[in-house]
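The values are calculated or read from the model by the stated rules, or taken from the named source; none is laboratory data. In this text the structure is predicted, and so the values were computed from the model without any measurement. Cβ placement follows ideal geometry from the backbone for every residue including glycine, while neighbour counts extend to all protein chains displayed.
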Amino acid sequence: MTSYATAPVLKHPAPPSSSRTNESRYWRRYKNPTYIKEYAPITHVQFAPQKPHRLAVTASSEVKIYAPRTNKVVKTVARFKETARSGEIRSDGNLLVAGDDSGLVQVFNLNSREILKQIKDHQQPVHVTKFSPHNLSNLLTCSDDTTAALYDLTSSTPLLTFTGHTDYVRSGAFLPNSPHQILTGSYDSTVKLWDTRTGNAEMTLQSNYATEAVLPYPSGGLVLSAGGPVVRCWDLVGGGRCLREVSNHQKTVTCLTFDGANGAGKRRLLSGGLDQMVKVYDVADWKVVHTMRYTAPILSIAISPDDTHLAAGLSDSTLSIRQRAPPKVAAISSSSHPLDSAPLNPSTYTSFLSAGADLGALLASAETDRAKDKKKAPLVGEKGEVRINDASGAGKKKKLRVYDRFLKEFRYGAALDAALKRDIPPTTSFSLITELIHRDGLRTALSGRDDVSLEPILRFLIRNVTDTRFGSTAAQVSLVVIDLYSPIMGQSPLIDDLFGKLQKKVNDELRMQRDVLVGLKGMVDMVLGNAIMGQGEASLPSPVVV
């Protein structure tokens, strides 16, 4: 009797961004993401500098404080009448400041949520509110009224008002190594360095795009700015010259942050953009060492000071929190990644060392067990006894995978649902889809679904339709889904929204491919033009020397 032939899992080439380097392995440990849906786009996220590094999330007309261990809301500050902006926790963890679209800035006692101070000097939305790292009573605000201001919490009037910009001021920061210098970035395509002792601009850095974010290096000598799809590095000590300009995003870069590096120095820069990508740069050579893809344009990102959590605020009102999984036992002693060289944080690995066992004892015990297994004598029968191995495998029933069991019973719809589970890699899912196509059962598997059973299929297609490994198969599935369910469009808001997202994903991919091809065509035309010009010059007669 022949056994059932299971669906073969096809091998696909790994995408270029998933090369198994030390960098990739390190950043891929930020997994098991938690997705939290808010009521409006998440414009700002910030981890508190002080332990336990609580997360402040600004969305709609409130600021929520999340506990890092549980990713649960522990406090909500909702004392705003307009959309809140830039909720920031002070370095001592006691105060919270945020602005709103009416121009009001409010300072709260984080424990009691009591309003300690209200500032209403700006006439338009305030997009930046930051406490000074040098003086806990000083506060920086940046507004759409083209001004920035420095306040003292003990006074009701601003210490200084900076009035050099001609457009919205959407970013600002204190220089870490200088208590008298402040950076502001504006939509007038400039970044200005201000001296708080005089109130004058010491330096103006000119770029070609509206400035969305500014980020000073910890040393203070260099400054990063983001405008359009470009990230620039400026040398303040060298007179404000641009040292480096990188453009690895397809759309506008909206946010910048350094990794925590456990206090060992900022080695990696993270940039998030409207192209739904987070790029990780090595600041030594400005190469992209890792890329993370999200489901919607990214408005804000933050990484916890102890490098255990990565938070991103998306334009579709989703908060994504990724927690870094602890390295495997073998990787603890042999990791060669520079960010893994820092001492282990005991709180991070509580679950890993849950029983209080000593790691060295654990490894020694494992080695002892392996040595005992090697010393076991092989089983020997009596003299003259012949042992016959059952080569046919009779008596050993091979356990089928869930989707294989459904395939065996010709339940194609159930097999497809089982293959689309989150814990199954897309290579396996598309192998099952290919098997359904070969059996002429794809249409059967997709037919007769309601909005609940159709939702995971559409979300799966949205995630993978632009993957070069599965593009043709995903397109074939999409065509069948559209053919089956286009007559009932408009009956389910959820399904209509998912179809819209799928269409947008395909359009964005086509636009990006078109831009790449246009750029490639331009380069080829330039090369051919230079070659033709060179041939023309070579054919000209040589000048006659008299």
Has the stretch 501-513 got at least one residue that is exposed (fewer than 11 other Cβ atoms within 10 Å of the Cβ) and either modelled with pLDDT of 85 or more or in contact with a Gly (Cβ under 6 Å, 6 or more places away or on another chain) (or both)?
yes
Residues satisfying the stated conditions in the stretch 419-461, i.e. exposed (fewer than 14 other Cβ atoms within 10 Å of the Cβ) and aliphatic (A, V, I, L, M)
Val452
Can you give me the ranges of the strands (runs of 3 or more DSSP E) entirely in the stretch 40-86 with at least 3 residues that are at pLDDT 90 or above and under 20 Å from Lys130 (Cβ atoms)?
42-47, 55-59, 62-66
For Ser429, all conditions in the list (1) under 21 Å from Lys505 (Cα atoms); (2) over 23 Å from the mean Cα position of the chain (by Cα); (3) touching a residue at least 40 places away in the same chain (Cβ under 8 Å) hold save one; what is the number of the exception?
(3)
Are any residues in the stretch 188-205 over 15 Å from Phe174 (Cβ atoms), surrounded by fewer than 21 Cβ atoms within 10 Å (Cβ to Cβ) and in contact with a strand residue (DSSP E or B) (Cβ under 6 Å, 6 or more places away or on another chain), and if so, which ones?
Gly199, Ala201, Met203, Thr204
What are the residues in the stretch 151-190 that are more than 25 Å from Asn208 (Cβ to Cβ), of a type outside the set (Phe, Trp, Tyr) and either modelled with pLDDT of 95 or more or within 29 Å of the chain's Cα centre (by Cα) (or both), if any?
Pro176, Asn177
Would you be able to tell me the number of residues in the stretch 65-95 that are aromatic (Phe, Trp, Tyr) and under 27 Å from the mean Cα position of the chain (by Cα)?
1
Search result, residues across the stretch 403-434 that are of a type in the set (Lys, Arg) and assigned to a helix (DSSP H, G or I)
Arg405, Lys408
Condition test on Ala98, is it of a type outside the set (D, E, K, R), within 30 Å of the chain's Cα centre (by Cα) and within 19 Å of Arg170 (Cα to Cα)?
yes
Those residues that are in contact with a helix residue (DSSP H, G or I) (Cβ under 7 Å, 6 or more places away or on another chain) and closer than 19 Å to Ile65 by Cβ, I need them from the stretch 292-313; list them, please.
Asp306
Considering residues that are closer than 24 Å to Ser300 by Cα and among the β-branched types (Val, Ile, Thr), the number found within the stretch 125-180 is 7
Looking at Ala14, Ala7, which is the one that is at pLDDT below 90, part of a loop (DSSP other than H, G, I, E, B) and surrounded by 15 or more Cβ atoms within 10 Å (Cβ to Cβ)?
Ala7
